[in-house]
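Participant: A single structure is presented below for examination.
The values are calculated or read from the model by the stated rules, or taken from the named source; none is laboratory data. Please read these numbers as outputs of a predicted model, since none were measured by experiment. Here the Cβ positions follow ideal geometry from the backbone for every residue, glycine too, while neighbour counts run over all protein chains shown.
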Amino acid sequence: MKGTTIIAVRKNGETVIAGDGQITYGNQIMKSTARKLRQLGSGEVIAGFAGSVADALALFERLEKKLEKHNKQLQKACVELAKEWRTDRSLRKLEAMMIAADKNQIYIIGGNGEVIEPDDNYVTIGSGGGFALAAAIALYDDHGLSAEQIAKRSLEIAAKICIYTNNNITVEKI
């Protein structure tokens, strides 16, 4: 998935999702201040996306509805979204990935039916995800850094390496 970097980090009771602001079209930067994160479920869930903006907005809406239907149970809402995404003819064509998190859980949701809960307290998606993940692994055990500081620093490192990632970082936390 080209075009962005999203990271989720949970540490010391704080959960954050951070993302860069760059939108590209082919080899051109179209926008550098995009907001790729949302609060859902009355602020109890945060989510970020990598991929097509229109597709991601549709997925945010659907996840919000699943959270309402399943009493803000994040795991159930993510599984139901992934099932619908995989089986619905129009949704199957969506080109995006999402990270959704609450205070206790982080999930990656993909269009092939994936709902992945990471083994660690951090996860990334997008073109710069591998770079941000490596940085988060290196920074996580620094006891002086908060989840937000780890997420921001990891994205700053990814932006130095990935041409589809910039330093215009937004953060949502719960």
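Participant: If you take the residues of the stretch 86-100 that are loosely packed, with under 15 Cβ neighbours inside 10 Å and in a loop (DSSP other than H, G, I, E, B), which of them is modelled with the lowest pLDDT?
Facilitator: Residue satisfying both the conditions and the ranking: 90.
Participant: Here's another thing I want to ask about it. With 108, 150, 157 as the choices, which residue is surrounded by 15 or more Cβ atoms within 10 Å (Cβ to Cβ) and not in a helix (DSSP H, G or I)?
Facilitator: Just one listed residue meets the conditions, 108.
Participant: Now for a separate question. Based on this model, can you work out whether residue 18 counts as touching a residue at least 40 places away in the same chain (Cβ under 8 Å), crowded, with 18+ Cβ neighbours inside 10 Å and out of contact with any helix residue (DSSP H, G or I) (no Cβ under 6 Å at 6 or more places or on another chain)?
Facilitator: no
Participant: Turning to a different aspect of this structure: Only one of these conditions is not met by residue 37: (1) touching a Gly at 6+ places or on another chain (Cβ under 8 Å); (2) more than 29 Å from residue 71 (Cβ to Cβ). Which number is it?
Facilitator: (2)
Participant: When you scan the stretch 160-174, how many residues do you find that are more than 26 Å from residue 105 (Cα to Cα) and buried (at least 17 other Cβ atoms within 10 Å of the Cβ)?
Facilitator: Result for the stretch 160-174: 3.
Participant: Residues in the stretch 90-115 that are under 15 Å from residue 53 (Cα atoms) and acidic (Asp, Glu): how many?
Facilitator: Total satisfying the criteria: 1.
Participant: Take the residues in the stretch 39-85 that are in contact with a helix residue (DSSP H, G or I) (Cβ under 7 Å, 6 or more places away or on another chain) and of a type in the set (Lys, Arg), then tell me which one is nearest to residue 22 (Cα to Cα).
Facilitator: So the residue we want is 62.
Participant: Shifting gears a bit: Scan the stretch 134-144 and tell me whether some residue there is touching a Phe, Trp or Tyr at 6+ places or on another chain (Cβ under 8 Å) and surrounded by 20 or more Cβ atoms within 10 Å (Cβ to Cβ).
Facilitator: yes
Participant: Could you list, in sequence order, all residues of the stretch 15-32 that are under 16 Å from the mean Cα position of the chain (by Cα) and part of a strand (DSSP E or B)?
Facilitator: Those that are under 16 Å from the mean Cα position of the chain (by Cα) and part of a strand (DSSP E or B): 15, 16, 17, 18, 19, 23.
Participant: Moving to a separate point now. Among 76, 83, 66, 103, which is of a type outside the set (S, T, N, Q), buried (at least 16 other Cβ atoms within 10 Å of the Cβ), more than 13 Å from the chain's Cα centre (by Cα) and not in a strand (DSSP E or B)?
Facilitator: Testing whether each residue is of a type outside the set (S, T, N, Q), buried (at least 16 other Cβ atoms within 10 Å of the Cβ), more than 13 Å from the chain's Cα centre (by Cα) and not in a strand (DSSP E or B) leaves just 66.
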